[in-house]
Structures are given as C-alpha cells and as structure tokens.
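Asks: For reference, the structure I am asking about is given below.
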Amino acid sequence: MEKKGLQVAPALALLMLAAVASAQNRPLLTEPALTAPAGTLVFETGLDVIASEPSYLTGVERNRWDGPLLRLVYSPADNVELDLEWVVRVGVWDEPGRAVQGSDWGDVSLRAKWRILAGGPGRPTLGARFGVTLPETEFEDEQFRPLGLGPNTTRALAEALLSQPIGRLRIDLDAGLLVFEEVLRPHEQRDFLSYGLALEWAARPGLALVAELAGRLGDGMPGADQRSEARAGVRLGRGRLRGDAALRRGLSDADGAWGATFGLTWRVR
C-alpha cells in the first residue's frame with residue numbers, strides 16, 4: 001500500500017502542473033475554461049506591437065505598442081480564478097503629421113472565471129468569465145490634442161467558455177456579450193458578440209503550438225469598432241517559468257496589419 005501511495009503522489013503532482021499549464025492563455029486572447037488548483041498564483045507579463053493601425057479619430061495609420069502588460073492570476077478555489085491586469089503604457093510611432101509621438105498609461109481590467117463543469121473522457125470543460133475594463137488611457141495628449149490611443153470608456157464582459165481536448169490537441173471556444181461605451185457620444189453604448197476560437201497542440205514536453213481567431217462582432221462606431229485578429233505562435237518551457245511569442249494579423253478595418261506579441265509566465269506558487 002505504501003508503494004502504491006508513492007506512485008500516486010508523483011502522478012497527482014504532474015496533474016496539478018498540467019492544470020496550471022493548461023489554464024495559461026498567453027500569447028492568445030481566447031480564455032480556456034480550465035482553472036488551476038486552489039492556491040495557485042501566476043504572474044504574466046508581455047509586450048504587443050502592431051503596424052499600420054488606423055487612428056479612430058483621423059483614419060491615419062500609425063504603429064502601436066502596448067506594454068509591459070502586468071497580469072496577476074489567483075485561484076481561491078479549484079474551480080475559480082481571479083485576475084487583475086494592467087497595461088502599463090500605450091503608445092504610437094511613425095504617425096504622419098505628428099512631430100511628437102504620444103504615449104499614456106494603459107487600462108486596468110478585473111476578471112473572474114468560474115469552471116462550471118469539469119470535463120472528462122469525451123466531455124468538454126465548461127465555464128464562464130466576467131470582467132470589466134476601467135479606462136486609464138487619455139483621449140488627448142499633454143497639449144490637449146486628440147490622440148486616440150484608447151477609448152477612455154468603461155467596458156464590461158460576460159462570456160461562456162468551453163475547452164475540449166482531442167488527443168494532443170485542445171480546442172478552446174469563447175462566446176459572450178461585450179458592452180462598450182461609445183467614445184464620441186456620451187450616454188450611448190455598443191453591444192458586441194465577443195468570440196474566440198483557439199487551438200493548442202502539445203508538440204512535445206515544453207513546446208506547444210497555438211493559433212486563434214478572436215474579436216468582437218457588431219455594429220461599431222469610431223473608438224468602439226468591430227475587431228477581428230488572428231494569432232499563431234508558441235509556448236516554451238517547463239516548470240515555473242515559461243515563455244511565449246506569436247505573430248498577429250489584423251483582419252478588420254479598425255485593426256492594424258502585421259504585429260507580434262512576446263511574454264513570460266511565472267508560476268509563483
């Protein structure tokens with residue numbers, strides 16, 4: 001009996017590590033329905049860049065960067081995750097007609113995820129996620145000239161989540177409601193269908209290939225636009241520290257052209 005217990009303990013430890021890894025979503029936007037074990041604390045950071053993103057104020061294309069992203073994810077229970085995210089700075093460069101390129105503080109997001117149904121053989125994991133984004137990015141620069149770095153409005157999200165493993169492949173699917181306050185008209189809002197479809201393939205230990213299509217669908221307005229983006233990349237590393245990178249491709253009129261994202265994930269405990 002003691003020998004069997006010794007064999008079970010490492011297996012349980014490996015399952016816990018797998019749960020932590022599978023709950024990771026960087027470098028993608030689509031959130032898996034999986035959650036990490038109670039007491040898990042994860043820190044994520046990263047940088048996003050994209051070229052030829054049009055300003056929602058002027059339509060002029062410029063290059064944009066967001067970062068560093070700081071995200072802390074805590075699991076108070078096996079089926080619950082809470083996360084706090086802050087994009088420290090947002091900026092642009094190579095904007096025609098603007099001698100001084102601008103940057104500002106980024107927005108803060110608060111989210112909660114609830115794993116409603118744990119998956120099993122032939123059965124997906126189901127969950128829900130709720131979030132709010134609080135505006136920190138100013139509409140104008142220091143000289144009170146419209147800059148259009150961020151909408152400077154509040155956004156709220158409620159999504160259903162599904163994760164289904166198929167051998168070494170995992171499919172993640174998100175769908176829900178995004179309420180987005182308009183930028184140019186006070187007391188008005190836009191309602192979008194937020195969505196995400198992601199694939200993760202465990203190529204070998206310490207290497208996963210990932211891809212996704214994510215965005216929001218609806219009748220948009222300048223600053224609260226319909227968006228769609230494709231990403232393809234890798235997750236690297238085993239254990240507590242992992243790296244990631246992905247190419248980005250904007251697919252809607254409000255998105256940029258080509259870009260990239262890079263990041264690190266540290267499992268604190």
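Asks: Any idea which of 123, 98, 71 is at pLDDT below 95 and open to solvent by less than 70 Å² (accessible area, probe 1.4 Å)?
Replies: Sole residue among the options that is at pLDDT below 95 and open to solvent by less than 70 Å² (accessible area, probe 1.4 Å): 98.
Asks: Here's another thing I want to ask about it. All but one of (1) over 23 Å from residue 260 (Cα atoms); (2) of a type in the set (Gly, Ala, Ser); (3) open to solvent by less than 30 Å² (accessible area, probe 1.4 Å) hold for residue 175; which doesn't?
Replies: (3)
Asks: Filter the range 241-266 down to residues that are open to solvent by 40 Å² or more (accessible area, probe 1.4 Å) and outside any strand (DSSP E or B) and give me whichever is farthest from residue 180 (Cα to Cα).
Replies: Taking the candidates together, the pick is 251.
Asks: Considering only residues that are touching a Lys or Arg at 6+ places or on another chain (Cβ under 9 Å), surrounded by fewer than 16 Cβ atoms within 10 Å (Cβ to Cβ) and outside any strand (DSSP E or B), which ones fall in the range 79-94?
Replies: Residue satisfying the conditions is 94 alone.
Asks: Can you pull out every residue in the range 190-228 that is closer than 29 Å to residue 180 by Cα and either polar (S, T, N, Q) or open to solvent by 60 Å² or more (accessible area, probe 1.4 Å) (or both)?
Replies: Within the range 190-228, 191, 193, 194, 197, 199, 213, 217, 219, 221, 226, 227, 228 qualify.
Asks: So, one more: Test residue 30 against the stated conditions and say whether it is of a type outside the set (D, E, K, R), part of a loop (DSSP other than H, G, I, E, B), touching a helix residue (DSSP H, G or I) at 6+ places or on another chain (Cβ under 9 Å) and at pLDDT 95 or above.
Replies: no
Asks: Condition first: in a strand (DSSP E or B) and under 20 Å from residue 224 (Cβ atoms). Can you find one or more residues in the range 67-77 that meet it?
Replies: no
Asks: Between a first residue in the range 54-66 that is under 14 Å from residue 250 (Cα atoms) and a second residue that is at pLDDT below 95 and open to solvent by 50 Å² or more (accessible area, probe 1.4 Å), which pairs have beta carbons less than 6 Å apart while being 6 or more apart in sequence or on different chains?
Replies: 54/61; 62/94; 63/93; 63/94
Asks: Only one of these is closer than 24 Å to residue 67 by Cβ, of a type in the set (Lys, Arg) and either surrounded by fewer than 15 Cβ atoms within 10 Å (Cβ to Cβ) or out of contact with any Gly (no Cβ under 7 Å at 6 or more places or on another chain) (or both): 185, 170, 238, 231. Name it.
Replies: When all the criteria are applied, what remains is 231.
The values are calculated or read from the model by the stated rules, or taken from the named source; none is laboratory data. Just so you know, these numbers come straight off a predicted model, no measurement behind them. Positions of Cβ are generated from backbone atoms using ideal geometry, with glycine treated the same way; all protein chains shown enter the neighbour counts. The area values use the complete protein model at the heavy-atom level, side chains included, leaving out ligands, DNA and RNA. Shrake-Rupley method; radii C 1.70, N 1.55, O 1.52, S 1.80 Å.
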